[in-house]
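Data first, discussion second: the structure below is written as structure tokens.
The values are calculated or read from the model by the stated rules, or taken from the named source; none is laboratory data. Owing to the predicted nature of the structure, the values given are computational and were not obtained by experimental measurement. Cβ atoms come from the backbone with ideal geometry, glycine included; neighbour counts cover every protein chain shown. Accessible surface is based on the protein model in full, side chains and every heavy atom, while ligands, DNA and RNA are left aside. Shrake-Rupley method; radii C 1.70, N 1.55, O 1.52, S 1.80 Å.
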Amino acid sequence: MPVTMTRGAFALPGTSLAFKTGTWRNTRPIHTHAAAPCHGACPAGEDQQEWLARLQEGRPREAWEALVAMNPMPAVTGRVCPHPCESACNRGQYDSPIAIHGIERWLGDEAIRHNWAYPLLDVPVRSQRVAVVGAGPAGLSAAYHLLRRRYNVVLFDAMPEAGGLLRSAIPPTRLPRDVVDKELGRILALGIEFRPRTALGRDVSLDQLRSEFDAVFLGVGAGKSRHWDVDGAVPADLHEGLGMLKEWLVVGALPTPNAVVIHGGGNTAVDLARVMRRAGVKDVHVVTASGLPGPDTEPDDVLNVVPRELEQAVEEGVVFHPHRTINRLIMRGSKVVGVEMVRLKKLPDGRGRKSRVSFEGTETVLHVDMVVPAIGEVVDPTGMESVLHGKDYIKTDRFGRIDGQAGLFAGGDARDWLKGLTGGTVSAAIGDGRRAAEAIDALLSGREAVEPVRPPIRYDRLNLAYYENRPRIPLPTLELEKRNDTDEIEGGPSGAQALAEANRCFSCGNCLACDNCWTLCPDNAVVKTTELASDGSHYVFDYDYCKGCGLCAKECPCGYIDMVPDE
Amino acid sequence: MTEPASLRSRQPRFRGLEAGHRACQGCGEALAARLVTESAGPDVILTNATGCLEVFTTPWPQSAWRVPWLHSLFENSAAIASGVEAALKAQGRRTKVIAMGGDGGTFDIGFQALSGMLERMHNVLYVCYDNEAYMNTGIQRSSSTPHAAMTTTSPPGKNRMGKRHMKKDLLSIIAAHHVPYAASASVAYPQDLRRKVRRAMEIEGPTFLLVHSPCPLGWGHDGTLSIEIARLGVQTGLFPLIELERGEVASVMPIRNPVPVVEYLKRQGRFRHLFSDGDHRAREEREHLQALADYNIERYGLKGDGDDPLDTDGADTVRRGGPART
Ligand SMILES: Cc1cc2nc3c(=O)[nH]c(=O)nc-3n(C[C@H](O)[C@H](O)[C@H](O)COP(=O)(O)OP(=O)(O)OC[C@H]3O[C@@H](n4cnc5c(N)ncnc54)[C@H](O)[C@@H]3O)c2cc1C
Ligand SMILES: Cc1ncc(C[n+]2csc(CCOP(=O)(O)OP(=O)(O)O)c2C)c(N)n1
Ligand code: SF4
Ligand code: SF4
Ligand code: SF4
Ligand SMILES: [Mg+2]
């Protein structure tokens, strides 16, 4: 703007704009959309910050649409996911984490209630056909994400209905079957061709599928129990945990000894323990090499179940024996009358690798009349020999690609997990299915597979002055006396509660349009747009005038502004 | 179109003070003046005492102001405003006059002009940008400089730990004029500041606003920290945010969790000598400043009972989409 001298030689208003104070600057503010810890921790890859933001705006349907862009079954995961997102939530360091799972569940239920349509991508319909084997969470997710990208998908399962372990193993007290029916039904109805009662290795072979389809995804889970014995001894009437649980789900009955010890530290062990207690078994013991959550358990050594399930199991009278294993079976003839336990712990060996060390002299005896192993499952090799190579699980990369087998993919429980807290969960299977769909799409479109990553944002990058303490919403739990074999134990939030809880979200690493930068820049160098700026915010830096003071970066509540050296 | 230049003319707020001014990086006074003129709107005439604000906004032949603005001398902002207001009145015009000055121009040299303006009940809003020293001439102490602060004319040394005297209690003197409205505000609480400006603008008669405005150069802190320091000024009780009507305290911003004064002091070079090891006076002066803060908290009843959406923690809580319009 040229400086014009007035006749009276006074300055014209606003003429200072001719003076570009931006030349003073040596660092400049930029917007950085970082990854919130909830997103970083989510095995399904959800961007919770994003969908919580839509809820804060009072748009539940858009929130759900943003959610199902990653995870098509929020009504399921909102109920059963161990929610590592909440353990990672920055708000946990401030007062208490956002009840992400509760809000997720509410959104899933709302979508079912209103029959909101799953949005498919606006891309040309593809001619290629993909076979997905296994209609558990992994297979369903792969099928959904392929369908979303407009591929033809045929989904095979040995069972008459879709759902995998959601249907066959997880007790309805945690996951009501009508939720499974409705949410999975809506996914299948999108146009997935479902072929039930069709087992790979029995009704169809892998070679057949590979010749008939352009790509094949294996989401067959781990359906075969691991071999179990104690020093070679096995009781004559051995019942294995997952089998018992599945049978109970189908026939509604299970053995009821006076006292039972369940050996294992996962969902199967805990779910079975609770079912047996409710069926009237007086003493139910769980012996597990893992530890209970607490100060003397390392994070990678904690019992792999949803924390509240553990609490409820204890409430219901299940007795846990953590950091212990079964050393010896005490038999009378071929019948078990007790077990000898010994204490142990996961400790690093000379090479730093962790293994379990048992401590001599800590043996104790439990008098029980039944022992049930629940130590995990491996892939049933029938029909899968060519991808297992004699191993327990299928080895893949993170996109589910199998080395040397172009066009063949695998994910979920069937995959060789780098065992961690989040492996072997429903949401991990969903994440696997989604990444494999991306890799399949990439393969069939002749491009590289991509999984966008953003830099993580730390708690100390937030400006906490702009937030207030606000308690987390309480979620209802069925009282002890009212619990039975069918009614759901944990309840969901009301709509008002879900919205209130969403409003607690800090919006870590993403602009919340709070206006702070716009309000506080002494130089009017932050300008606002009514439409979105190119970086997704509503704000643009005017580098002609920004002096680089950094006030905006400091006062941005959610760490969306970084100061970087000026070029 | 998201080009900054084209967006600038379409901002959803009034711009009274434009970019291109020569204030230091992170200047609290520039921010305060921007916020005040934004809230006051376009139908105003400003008068400005000599000082940083006057100098950095109007290097001839440019002006950063987008409203009529007059400057004459250091000591007479209130006197000029009185005259402008009388002339407007004679013309039957309702344009509001806002007089502005720094703390030097207000607490000290322009004080009698201000007192006269208040006493004659001119319809003027007087805004004092309080950066607690004569900054424009190189950081000399004013009667607003807090006790124990270092300035070039109150250096710490053998005989003194910074300024010997107390910060003048100007608001009490203003209160003694029985004006309809006087208040203190801070750049750390822009919503509160805006509300106070709008309140004063609506009143027919003399009103007064004291705005705590950190000065990175004079206070010895990085410009990045201006808001954080201003916020701590309020949260410690050293700069209470109060509103007076006809001389009586009408409301205060309660402090939810009072912060120890050292949090405020240790971020500023002007209090650096209060942290020198081995000098027993350092501790004494820190305790003195804490006692002054405690005195303010007690005197104005600043310690709220229970959470209040308008207390020091609630008043700046953000929400998606920006602050609710009040
Ligand atoms: C008792 C129990 C409780 C659990 N609780 C939780 C929990 O609370 N939260 C959580 O996140 N996770 C839980 N899990 C783990 C979770 O259920 C699994 O990680 C998840 O179901 C894995 O999904 P998937 O699709 O890989 O496999 P699966 O769910 O096992 O699905 C595999 C599907 O493939 C089909 N299939 C297998 N072989 C063939 C074949 N040859 N031909 C055709 N179809 C075949 C099966 O019929 C099945 O439908 C629990 C597991 C158990 C056992
Ligand atoms: C009568 C007179 N005395 C001294 C000065 C020199 N002078 C100009 S600005 C200033 C200090 C202004 O201090 P303050 O009012 O606090 O404003 P600040 O610059 O700190 O914003 C002084 C001493 C002057 N211009 N006129
Ligand atoms: S506060 Fe919100 S964005 Fe931040 S980690 Fe928690 S849920 Fe995610
Ligand atoms: S507050 Fe304004 S001048 Fe300071 S760095 Fe941010 S945009 Fe630049
Ligand atoms: S200060 Fe507020 S409006 Fe500005 S970038 Fe940060 S979150 Fe967005
Ligand atoms: Mg001053």
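List of remarks:
- All positions within the stretch B:1-16 that are open to solvent by less than 30 Å² (accessible area, probe 1.4 Å) and either within 7 Å of chain A (Cβ to nearest Cβ) or closer than 9 Å to A:Val527 by Cβ (or both): B:Pro4, B:Leu7, B:Arg8, B:Gln11, B:Arg15
- Of all the listed residues (B:Asn123, B:Asn131), the sole one being within 14 Å of another protein chain (Cβ to nearest Cβ) and either more than 19 Å from the chain's Cα centre (by Cα) or away from ligand 5 (no atom under 16 Å from the Cβ) (or both) is B:Asn131.
- Output for the stretch B:48-102, where each listed residue is closer than 23 Å to B:Ser143 by Cα, of a type in the set (S, T, N, Q) and crowded, with 20+ Cβ neighbours inside 10 Å: B:Asn48, B:Thr50, B:Asn76, B:Ser77
- Residue within the stretch A:494-510 that is open to solvent by 10 Å² or more (accessible area, probe 1.4 Å) and at the interface with chain B (Cβ under 8 Å from one of its Cβ atoms) present: yes
- Scanning the stretch A:534-567 for residues that are open to solvent by 10 Å² or more (accessible area, probe 1.4 Å) and either modelled with pLDDT under 95 or within 16 Å of ligand 6 (Cβ to nearest atom) (or both) yields A:Ser534, A:Asp535, A:Gly536, A:His538, A:Asp566, A:Glu567.
- Scanning the stretch B:18-44 for residues that are within 7 Å of another protein chain (Cβ to nearest Cβ) and open to solvent by less than 10 Å² (accessible area, probe 1.4 Å) turns up B:Glu18, B:Ala19, B:Gly20, B:His21, B:Ala23, B:Gly26, B:Ala30, B:Leu31, B:Arg34.
- All positions within the stretch A:385-414 that are closer than 19 Å to A:His227 by Cα and either open to solvent by 10 Å² or more (accessible area, probe 1.4 Å) or out of contact with any helix residue (DSSP H, G or I) (no Cβ under 8 Å at 6 or more places or on another chain) (or both): A:Glu385, A:Leu388, A:His389, A:Gly390, A:Lys391, A:Asp392, A:Tyr393, A:Asp413
- First in the stretch B:116-144 and more than 9 Å from ligand 2 (Cβ to nearest atom), second anywhere and among the acidic types (Asp, Glu), Cβ under 9 Å, 6 or more apart: B:Met117/B:Glu85; B:His122/B:Glu85; B:Asn123/B:Glu85; B:Asn123/B:Glu204; B:Val124/B:Glu85; B:Arg141/B:Glu132; B:Ser143/B:Asp103; B:Ser143/B:Asp108
Residues are listed down the side, and each one gets a yes or a no for (1) away from ligand 3 (no atom under 16 Å from the Cβ); (2) more than 34 Å from the chain's Cα centre (by Cα):
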| position | (1), (2) |
| --- | --- |
| A:Thr486 | yes, no |
| A:Pro522 | yes, yes |
| A:Thr530 | yes, yes |
| A:His538 | yes, no |
| A:Cys546 | yes, yes |
| A:Gly559 | no, no |
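- Looking across the stretch A:28-54 at every residue that is within 14 Å of chain B (Cβ to nearest Cβ) and within 11 Å of ligand 3 (Cβ to nearest atom), the one that is farthest from the chain's Cα centre (by Cα) is identified as A:Ala53.
- Tally of residues being facing chain B (nearest Cβ under 7 Å) and not hydroxyl-bearing (Ser, Thr, Tyr) across the stretch A:523-540: 7
- For the stretch A:68-80, the condition of being at pLDDT 95 or above, open to solvent by 40 Å² or more (accessible area, probe 1.4 Å), out of contact with any helix residue (DSSP H, G or I) (no Cβ under 8 Å at 6 or more places or on another chain) and not in a helix (DSSP H, G or I) holds for none of the residues.
- Residue within the stretch B:156-176 that is farther than 20 Å from B:Arg270 by Cα, more than 11 Å from ligand 6 (Cβ to nearest atom), among the hydrophobic types (A, V, I, L, M, F, W, C) and assigned to a strand (DSSP E or B) present: no
Per-residue answers, yes or no, for (1) more than 28 Å from A:Thr198 (Cα to Cα); (2) under 27 Å from the mean Cα position of the chain (by Cα):
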site: A:Pro322; (1), (2): yes, yes
site: A:Met331; (1), (2): yes, no
site: A:Glu340; (1), (2): yes, no
site: A:Phe359; (1), (2): yes, no
site: A:Asp369; (1), (2): yes, no
site: A:Ala374; (1), (2): no, yes
site: A:Thr382; (1), (2): no, no
site: A:Leu388; (1), (2): no, yes
site: A:Ile394; (1), (2): no, yes
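- Within the stretch A:199-219, residues that are of a type in the set (S, T, N, Q) have Cβ atoms under 7 Å from residues that are open to solvent by less than 40 Å² (accessible area, probe 1.4 Å) in these pairs: A:Ser205/A:Gly383, counting only partners at least 6 apart in sequence or on another chain.
- Scanning the stretch B:215-224 for residues that are more than 16 Å from the chain's Cα centre (by Cα) and either acidic (Asp, Glu) or surrounded by 22 or more Cβ atoms within 10 Å (Cβ to Cβ) (or both) turns up B:Asp222, B:Gly223.
- Among the residues listed as B:Ala32, B:Ala78, B:Ala99, B:Ala5, the single one being more than 21 Å from the chain's Cα centre (by Cα) and either assigned to a helix (DSSP H, G or I) or away from ligand 4 (no atom under 16 Å from the Cβ) (or both): B:Ala5
- Residue match in the stretch A:57-67 (condition: under 19 Å from A:Asn510 (Cβ atoms), more than 14 Å from chain B (Cβ to nearest Cβ) and open to solvent by 40 Å² or more (accessible area, probe 1.4 Å)): yes
- Scan of the stretch A:213-230 for residues that are touching a strand residue (DSSP E or B) at 6+ places or on another chain (Cβ under 7 Å) and surrounded by fewer than 17 Cβ atoms within 10 Å (Cβ to Cβ), ordered by number: A:Lys224, A:Arg226
- Residue, farthest from B:Ile109 (Cα to Cα), within the stretch B:25-79, restricted to residues that are within 15 Å of ligand 2 (Cβ to nearest atom) and among the aromatic types (Phe, Trp, Tyr): B:Phe56
- B:Glu298 being farther than 29 Å from B:Ile173 by Cα, part of a helix (DSSP H, G or I) and acidic (Asp, Glu): no
- Contact map, the stretch B:300-313: first residue under 19 Å from B:Gly233 (Cβ atoms), second residue open to solvent by 50 Å² or more (accessible area, probe 1.4 Å), Cβ cut-off under 7 Å, separation 6 or more or different chains; pairs are B:Tyr300/B:Val249; B:Lys303/B:Pro258; B:Asp313/B:Asn257.
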